[in-house]
Amino acid sequence: MSLIVDTFGRTVEYLRLSVTDRCDFRCVYCMSEDPCFLDREQVLSLEELAWIGQAFTELGVKKIRLTGGEPLVRTDCDQLVKLLGRLPGLKELSMTTNGSRLSKFAGKMHDAGLSRLNISLDTLKPELFTQLTRNGNLERVIQGIDAAKAAGFSRIKINAVILRGQNDDEVLDLIEFCRGRELDIAFIEEMPLGIIDERKKSRHCSSDEVKAIITQRYPLSVSDKRTGGPARYYTMPGSKIHVGFISPHSNNFCHECNRVRVTVEGRLLLCLGNENSVDLKAIVRQYPGDIERLKRAILEAIKLKPKEHHFSPEGETQILRFMNATGG
(Lines give C-alpha, C1' and ligand atoms only; values in the text may rest on other atoms or scores of the structure.)
Protein backbone atom coordinates (compact mmCIF):
# COMPACT_ATOMS: atom_id res chain seq x y z
CA MET A 1 0.00 0.00 0.00
CA SER A 2 1.38 3.37 -1.00
CA LEU A 3 1.95 5.94 1.72
CA ILE A 4 2.16 8.77 -0.81
CA VAL A 5 -1.29 10.34 -1.00
CA ASP A 6 -1.76 13.95 -2.09
CA THR A 7 -4.22 16.49 -0.70
CA PHE A 8 -6.78 15.51 -3.37
CA GLY A 9 -6.79 11.86 -2.34
CA ARG A 10 -4.70 10.59 -5.27
CA THR A 11 -2.27 7.78 -4.48
CA VAL A 12 1.18 7.99 -6.09
CA GLU A 13 2.50 4.57 -7.12
CA TYR A 14 4.49 5.51 -10.24
CA LEU A 15 7.85 7.31 -10.50
CA ARG A 16 9.45 8.56 -13.70
CA LEU A 17 13.15 8.80 -12.97
CA SER A 18 15.36 10.73 -15.38
CA VAL A 19 18.92 9.43 -15.74
CA THR A 20 20.23 12.18 -18.07
CA ASP A 21 19.16 15.40 -19.76
CA ARG A 22 21.39 14.59 -22.75
CA CYS A 23 20.16 13.10 -26.01
CA ASP A 24 21.57 12.18 -29.40
CA PHE A 25 18.44 13.65 -31.07
CA ARG A 26 17.11 17.21 -31.01
CA CYS A 27 13.41 16.53 -31.56
CA VAL A 28 11.43 19.63 -32.52
CA TYR A 29 8.81 19.16 -29.76
CA CYS A 30 11.33 18.28 -27.04
CA MET A 31 14.21 20.75 -27.02
CA SER A 32 15.83 23.67 -28.77
CA GLU A 33 18.20 23.10 -31.68
CA ASP A 34 21.22 24.16 -29.60
CA PRO A 35 20.45 22.99 -26.05
CA CYS A 36 22.47 23.61 -22.90
CA PHE A 37 23.11 20.49 -20.84
CA LEU A 38 23.90 20.10 -17.15
CA ASP A 39 27.47 19.89 -15.86
CA ARG A 40 28.48 16.49 -14.49
CA GLU A 41 28.49 17.60 -10.84
CA GLN A 42 24.87 18.72 -11.17
CA VAL A 43 23.80 15.24 -12.27
CA LEU A 44 22.83 12.49 -9.83
CA SER A 45 25.12 9.46 -9.72
CA LEU A 46 23.73 5.98 -10.36
CA GLU A 47 23.91 5.29 -6.63
CA GLU A 48 22.01 8.49 -5.83
CA LEU A 49 19.35 7.65 -8.41
CA ALA A 50 19.01 4.15 -6.94
CA TRP A 51 18.80 5.62 -3.42
CA ILE A 52 15.93 7.88 -4.45
CA GLY A 53 14.27 4.92 -6.15
CA GLN A 54 14.58 2.93 -2.93
CA ALA A 55 12.97 5.73 -0.90
CA PHE A 56 9.99 5.80 -3.26
CA THR A 57 9.54 2.03 -3.26
CA GLU A 58 9.67 1.96 0.54
CA LEU A 59 6.83 4.49 0.41
CA GLY A 60 4.79 2.18 -1.82
CA VAL A 61 5.76 3.08 -5.39
CA LYS A 62 5.36 -0.05 -7.53
CA LYS A 63 6.44 1.18 -10.96
CA ILE A 64 9.55 3.09 -12.07
CA ARG A 65 10.16 4.26 -15.62
CA LEU A 66 13.65 5.41 -16.59
CA THR A 67 13.63 8.45 -18.86
CA GLY A 68 15.95 11.12 -20.21
CA GLY A 69 16.88 12.89 -22.42
CA GLU A 70 17.88 9.57 -23.91
CA PRO A 71 18.64 7.10 -21.09
CA LEU A 72 20.99 4.98 -23.20
CA VAL A 73 23.33 7.93 -23.72
CA ARG A 74 24.37 6.97 -20.21
CA THR A 75 26.13 3.77 -21.23
CA ASP A 76 26.27 2.32 -17.71
CA CYS A 77 22.50 2.51 -17.37
CA ASP A 78 22.30 -1.28 -17.07
CA GLN A 79 24.00 -0.96 -13.68
CA LEU A 80 21.17 1.29 -12.49
CA VAL A 81 18.65 -1.24 -13.82
CA LYS A 82 20.33 -3.92 -11.71
CA LEU A 83 20.28 -1.73 -8.59
CA LEU A 84 16.63 -0.81 -9.00
CA GLY A 85 15.60 -4.31 -9.99
CA ARG A 86 16.59 -5.58 -6.53
CA LEU A 87 14.20 -3.26 -4.70
CA PRO A 88 11.48 -5.10 -2.77
CA GLY A 89 7.98 -4.10 -3.79
CA LEU A 90 8.91 -2.86 -7.26
CA LYS A 91 6.62 -4.65 -9.71
CA GLU A 92 7.67 -3.01 -12.97
CA LEU A 93 10.86 -1.37 -14.24
CA SER A 94 10.59 0.16 -17.70
CA MET A 95 12.31 2.69 -19.96
CA THR A 96 11.41 5.31 -22.55
CA THR A 97 14.01 5.53 -25.35
CA ASN A 98 14.39 6.95 -28.85
CA GLY A 99 15.63 3.54 -29.97
CA SER A 100 18.81 4.81 -31.60
CA ARG A 101 21.09 2.74 -29.34
CA LEU A 102 18.95 -0.32 -28.81
CA SER A 103 20.84 -2.42 -31.34
CA LYS A 104 23.81 -2.21 -28.97
CA PHE A 105 22.07 -2.17 -25.58
CA ALA A 106 18.73 -4.03 -25.85
CA GLY A 107 20.17 -7.39 -24.82
CA LYS A 108 22.16 -5.91 -21.94
CA MET A 109 19.12 -4.03 -20.60
CA HIS A 110 16.87 -7.07 -20.86
CA ASP A 111 19.42 -9.24 -19.05
CA ALA A 112 19.82 -6.60 -16.33
CA GLY A 113 16.11 -6.84 -15.53
CA LEU A 114 14.33 -4.17 -17.57
CA SER A 115 10.78 -5.39 -18.21
CA ARG A 116 9.23 -2.94 -20.68
CA LEU A 117 10.24 -0.45 -23.38
CA ASN A 118 8.52 2.60 -24.81
CA ILE A 119 10.17 3.66 -28.08
CA SER A 120 9.56 7.01 -29.76
CA LEU A 121 8.76 6.86 -33.48
CA ASP A 122 6.86 9.71 -35.12
CA THR A 123 7.33 8.98 -38.82
CA LEU A 124 8.34 6.21 -41.22
CA LYS A 125 9.72 8.66 -43.81
CA PRO A 126 13.53 8.82 -43.54
CA GLU A 127 13.86 12.47 -44.57
CA LEU A 128 11.04 13.63 -42.31
CA PHE A 129 12.48 11.57 -39.46
CA THR A 130 15.79 13.41 -39.78
CA GLN A 131 13.89 16.72 -39.97
CA LEU A 132 11.77 16.07 -36.86
CA THR A 133 14.70 14.74 -34.83
CA ARG A 134 17.08 17.26 -36.44
CA ASN A 135 19.75 14.55 -36.83
CA GLY A 136 18.28 11.06 -36.30
CA ASN A 137 18.50 8.03 -38.58
CA LEU A 138 15.24 6.14 -39.12
CA GLU A 139 16.85 2.87 -40.21
CA ARG A 140 18.93 2.77 -37.04
CA VAL A 141 15.81 3.16 -34.88
CA ILE A 142 13.91 0.44 -36.73
CA GLN A 143 16.91 -1.85 -36.32
CA GLY A 144 16.81 -1.01 -32.61
CA ILE A 145 13.13 -1.94 -32.39
CA ASP A 146 13.82 -5.28 -34.04
CA ALA A 147 16.81 -5.83 -31.74
CA ALA A 148 14.58 -5.24 -28.71
CA LYS A 149 12.14 -7.88 -29.91
CA ALA A 150 15.00 -10.29 -30.59
CA ALA A 151 16.40 -9.64 -27.10
CA GLY A 152 13.18 -10.95 -25.60
CA PHE A 153 11.21 -7.83 -24.75
CA SER A 154 7.58 -8.92 -25.05
CA ARG A 155 6.09 -5.61 -23.98
CA ILE A 156 7.12 -2.85 -26.37
CA LYS A 157 5.09 0.26 -27.09
CA ILE A 158 5.69 2.85 -29.79
CA ASN A 159 5.06 6.50 -28.83
CA ALA A 160 4.12 8.85 -31.67
CA VAL A 161 3.60 12.60 -31.34
CA ILE A 162 1.30 13.66 -34.18
CA LEU A 163 1.77 17.18 -35.57
CA ARG A 164 -0.67 18.71 -38.02
CA GLY A 165 0.81 19.24 -41.47
CA GLN A 166 3.92 17.21 -40.68
CA ASN A 167 3.13 13.59 -39.89
CA ASP A 168 -0.67 13.45 -39.51
CA ASP A 169 -0.82 11.74 -42.92
CA GLU A 170 1.13 8.78 -41.47
CA VAL A 171 -1.25 7.70 -38.72
CA LEU A 172 -2.40 4.62 -40.66
CA ASP A 173 1.15 3.82 -41.79
CA LEU A 174 2.25 3.78 -38.15
CA ILE A 175 -0.71 1.57 -37.28
CA GLU A 176 0.26 -0.93 -40.00
CA PHE A 177 3.91 -0.87 -38.90
CA CYS A 178 2.86 -1.78 -35.35
CA ARG A 179 0.35 -4.40 -36.46
CA GLY A 180 3.05 -6.07 -38.55
CA ARG A 181 5.53 -6.20 -35.66
CA GLU A 182 2.94 -6.79 -32.91
CA LEU A 183 3.80 -3.58 -31.07
CA ASP A 184 1.40 -1.48 -29.03
CA ILE A 185 1.24 2.19 -30.00
CA ALA A 186 0.25 5.39 -28.20
CA PHE A 187 -0.54 8.62 -30.04
CA ILE A 188 0.39 11.69 -28.00
CA GLU A 189 -0.78 15.29 -28.21
CA GLU A 190 2.16 17.70 -28.19
CA MET A 191 2.86 19.27 -24.80
CA PRO A 192 3.93 22.95 -24.68
CA LEU A 193 7.15 22.65 -22.67
CA GLY A 194 10.04 24.99 -23.43
CA ILE A 195 10.22 27.82 -25.95
CA ILE A 196 10.58 26.18 -29.37
CA ASP A 197 10.39 28.21 -32.59
CA GLU A 198 8.63 25.46 -34.56
CA ARG A 199 5.72 25.51 -32.12
CA LYS A 200 4.78 29.02 -33.24
CA LYS A 201 3.05 27.36 -36.17
CA SER A 202 -0.40 25.89 -35.51
CA ARG A 203 0.37 22.17 -35.46
CA HIS A 204 -1.77 20.77 -32.66
CA CYS A 205 -3.53 17.55 -33.67
CA SER A 206 -6.05 16.19 -31.17
CA SER A 207 -6.51 12.57 -30.14
CA ASP A 208 -10.05 12.66 -31.54
CA GLU A 209 -8.69 13.63 -34.95
CA VAL A 210 -6.17 10.78 -34.87
CA LYS A 211 -8.87 8.36 -33.73
CA ALA A 212 -11.09 9.43 -36.63
CA ILE A 213 -8.30 8.67 -39.11
CA ILE A 214 -7.82 5.18 -37.70
CA THR A 215 -11.52 4.34 -37.72
CA GLN A 216 -11.63 4.98 -41.46
CA ARG A 217 -9.86 1.63 -41.75
CA TYR A 218 -10.26 -0.13 -38.40
CA PRO A 219 -13.11 0.15 -35.87
CA LEU A 220 -11.79 0.76 -32.36
CA SER A 221 -13.16 -0.92 -29.24
CA VAL A 222 -12.44 0.33 -25.73
CA SER A 223 -9.94 -1.92 -23.96
CA ASP A 224 -9.65 -2.66 -20.26
CA LYS A 225 -5.83 -2.49 -20.55
CA ARG A 226 -4.25 -0.36 -17.81
CA THR A 227 -0.53 0.43 -17.53
CA GLY A 228 -0.59 2.93 -14.68
CA GLY A 229 0.02 5.77 -17.13
CA PRO A 230 -2.29 8.34 -18.75
CA ALA A 231 -3.09 6.49 -22.00
CA ARG A 232 -6.60 5.31 -22.88
CA TYR A 233 -6.40 2.07 -24.87
CA TYR A 234 -8.41 0.51 -27.70
CA THR A 235 -8.27 -2.69 -29.70
CA MET A 236 -8.75 -3.38 -33.42
CA PRO A 237 -10.09 -6.38 -35.35
CA GLY A 238 -7.49 -8.88 -36.57
CA SER A 239 -4.71 -7.80 -34.21
CA LYS A 240 -3.67 -8.31 -30.60
CA ILE A 241 -2.06 -4.88 -30.28
CA HIS A 242 -3.46 -1.98 -28.29
CA VAL A 243 -3.81 1.58 -29.56
CA GLY A 244 -3.52 4.27 -26.91
CA PHE A 245 -4.20 7.99 -26.80
CA ILE A 246 -2.51 10.43 -24.41
CA SER A 247 -4.51 13.65 -24.45
CA PRO A 248 -3.21 16.34 -22.08
CA HIS A 249 -5.15 19.00 -24.02
CA SER A 250 -8.41 17.41 -25.06
CA ASN A 251 -8.99 14.86 -22.29
CA ASN A 252 -7.39 16.06 -19.08
CA PHE A 253 -6.45 13.03 -16.96
CA CYS A 254 -5.30 14.92 -13.85
CA HIS A 255 -8.09 13.60 -11.62
CA GLU A 256 -6.49 10.15 -11.62
CA CYS A 257 -2.80 11.15 -11.75
CA ASN A 258 -0.72 8.58 -9.87
CA ARG A 259 2.81 9.69 -10.80
CA VAL A 260 5.60 12.13 -10.08
CA ARG A 261 8.94 12.76 -11.79
CA VAL A 262 12.48 13.18 -10.52
CA THR A 263 14.85 15.01 -12.85
CA VAL A 264 18.48 13.96 -13.24
CA GLU A 265 19.51 16.95 -11.12
CA GLY A 266 17.31 15.63 -8.33
CA ARG A 267 14.28 17.89 -8.51
CA LEU A 268 11.01 16.20 -7.59
CA LEU A 269 8.48 17.47 -10.14
CA LEU A 270 4.97 17.10 -8.79
CA CYS A 271 3.20 17.83 -12.11
CA LEU A 272 4.31 17.83 -15.73
CA GLY A 273 2.40 21.06 -16.38
CA ASN A 274 3.49 23.05 -13.33
CA GLU A 275 6.80 24.40 -12.08
CA ASN A 276 6.33 23.12 -8.50
CA SER A 277 9.38 21.11 -7.47
CA VAL A 278 11.45 20.10 -4.44
CA ASP A 279 15.23 19.62 -4.36
CA LEU A 280 15.93 16.01 -3.32
CA LYS A 281 19.58 16.16 -4.41
CA ALA A 282 20.38 18.58 -1.60
CA ILE A 283 19.03 16.08 0.93
CA VAL A 284 20.76 13.09 -0.66
CA ARG A 285 24.14 14.86 -0.67
CA GLN A 286 23.89 16.62 2.68
CA TYR A 287 22.58 13.55 4.51
CA PRO A 288 23.95 10.52 2.66
CA GLY A 289 22.46 7.25 3.91
CA ASP A 290 19.60 8.93 5.80
CA ILE A 291 16.72 7.40 3.88
CA GLU A 292 14.15 8.30 6.55
CA ARG A 293 14.93 12.00 6.09
CA LEU A 294 14.59 11.57 2.32
CA LYS A 295 11.24 9.80 2.72
CA ARG A 296 9.95 12.56 5.00
CA ALA A 297 10.92 15.16 2.39
CA ILE A 298 9.01 13.24 -0.28
CA LEU A 299 5.89 12.98 1.90
CA GLU A 300 6.09 16.68 2.73
CA ALA A 301 6.58 17.60 -0.93
CA ILE A 302 3.56 15.65 -2.09
CA LYS A 303 1.37 18.19 -0.31
CA LEU A 304 2.36 20.64 -3.05
CA LYS A 305 1.08 18.44 -5.90
CA PRO A 306 -1.48 20.61 -7.74
CA LYS A 307 -4.97 19.51 -8.69
CA GLU A 308 -4.37 19.80 -12.44
CA HIS A 309 -2.29 21.24 -15.25
CA HIS A 310 -3.44 23.82 -17.80
CA PHE A 311 -2.13 23.35 -21.33
CA SER A 312 -3.20 25.57 -24.20
CA PRO A 313 -4.10 23.73 -27.44
CA GLU A 314 -2.77 26.75 -29.31
CA GLY A 315 0.69 25.69 -28.15
CA GLU A 316 1.31 28.66 -25.87
CA THR A 317 4.41 28.00 -23.77
CA GLN A 318 3.57 27.92 -20.09
CA ILE A 319 6.49 25.80 -18.80
CA LEU A 320 9.97 27.09 -19.58
CA ARG A 321 11.87 23.83 -18.95
CA PHE A 322 12.25 21.59 -21.97
CA MET A 323 11.01 18.00 -22.10
CA ASN A 324 14.56 16.60 -22.08
CA ALA A 325 15.14 18.36 -18.73
CA THR A 326 11.79 17.17 -17.40
CA GLY A 327 11.98 13.43 -17.91
CA GLY A 328 9.53 12.07 -20.47
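The values are calculated or read from the model by the stated rules, or taken from the named source; none is laboratory data. Values in this document were obtained by computation on a predicted structure and should not be read as measured data. Neighbour counts run over all protein chains shown; Cβ positions are idealised from the backbone, glycine included. Note: areas computed on protein heavy atoms with side chains; ligands, DNA, RNA excluded. Shrake-Rupley method; radii C 1.70, N 1.55, O 1.52, S 1.80 Å.
Please give the per residue accessible area of the range 14-325, computed with a probe of 1.4 Å over protein heavy atoms only, in Å².
Each residue of the range 14-325 exposes 43 Å² on average to a 1.4 Å probe.
List the GluC sites (Glu not before Pro) within the range 20-63 that fall in a DSSP loop (any state other than H, G, I, E or B) and whose Cβ has at most 13 other Cβ atoms within 10 Å.
Taking the range 20-63 and a limit of 13 other Cβ atoms within 10 Å, the loop GluC sites (Glu not before Pro) found are GLU33.
Under the 0.36 nm per residue contour assumption, what length would be gained going from the current alpha-carbon distance of GLU300 and GLU127 to full extension?
57.5 nm
For the range 151-192 and the range 1-61, write down the distance between their C-alpha centroids in whole Å.
With the range 151-192 and the range 1-61 each reduced to a Cα centre, they are spaced 24 Å.
Can you give the angle from 0 to 90° between the axis of helix 46-58 and the longest principal axis of the chain, with both taken from C-alpha atoms, to the nearest 10?
90 degrees
Tell me, which cysteines of the chain are without a disulfide-compatible partner by the Cβ under 4.7 Å rule?
Result for the chain is CYS23, CYS36, CYS77, CYS178, CYS205, CYS254, CYS257, CYS271, no neighbouring Cys Cβ within the cutoff.
So how much accessible area does LYS225 have, in Å² to the nearest 10, using a 1.4 Å probe?
Approximately 40 Å² of LYS225 is accessible to the 1.4 Å probe.
Among the trypsin sites (Lys or Arg not before Pro) within the range 147-178, which fall in a DSSP loop and have no more than 16 other Cβ atoms within 10 Å of their own Cβ?
Answer in residue order: ARG155, ARG164.
How far is helix 102-112 tilted, in degrees, relative to the longest principal axis of the Cα atoms in the chain, given as a value from 0 to 90 rounded to the nearest 10?
Compared with the principal axis, the helix lies near 40 degrees.
Given an 8 Å cut-off on Cα distances and at least 6 residues of separation, report the relative contact order of the chain as a percent.
23 percent
On a 0 to 90° scale, report how tilted helix 171-181 is relative to the longest principal axis of the chain, with both axes built from alpha carbons and the result rounded to the nearest 10.
70 degrees
In terms of modelled amide H atoms, which long-range or inter-chain residues lie less than 5 Å from the amide H of LEU163?
ASP168
So what is the 222 nm mean residue ellipticity for the chain from helices alone, if each DSSP H run of at least 4 adds -39500 (n - 2.57) and you divide by all residues, rounding to the nearest 500 deg cm²/dmol?
Value at 222 nm, helices only: -8500 deg cm²/dmol.
Taking amide hydrogens as modeled 1.01 Å from N in the peptide plane, which residues meet the under 5 Å criterion relative to HIS242, leaving out close sequence neighbours?
It is ASP184, ILE185, by chain and number.
Any idea which of CYS77, GLN286, LEU93 is furthest toward the positive side of the dipole for the range 14-325, if Lys and Arg beta-carbons carry +1 and Asp and Glu beta-carbons -1?
About the Cα centre, the residue reaching furthest to the positive side is LEU93.
If you place +1 on the Cβ of every Lys and Arg and -1 on the Cβ of every Asp and Glu, how big does the dipole about the Cα centre of the chain come out, in debye to the nearest 20?
840 debye
Of the heavy-atom accessible surface of the chain (probe 1.4 angstrom), what whole percent is carbon and sulfur?
49 percent
With all protein chains present, calculate the accessible area of LEU44 using a 1.4 Å probe and round the result to the nearest 10 Å².
Its heavy atoms expose roughly 0 Å² to the probe.
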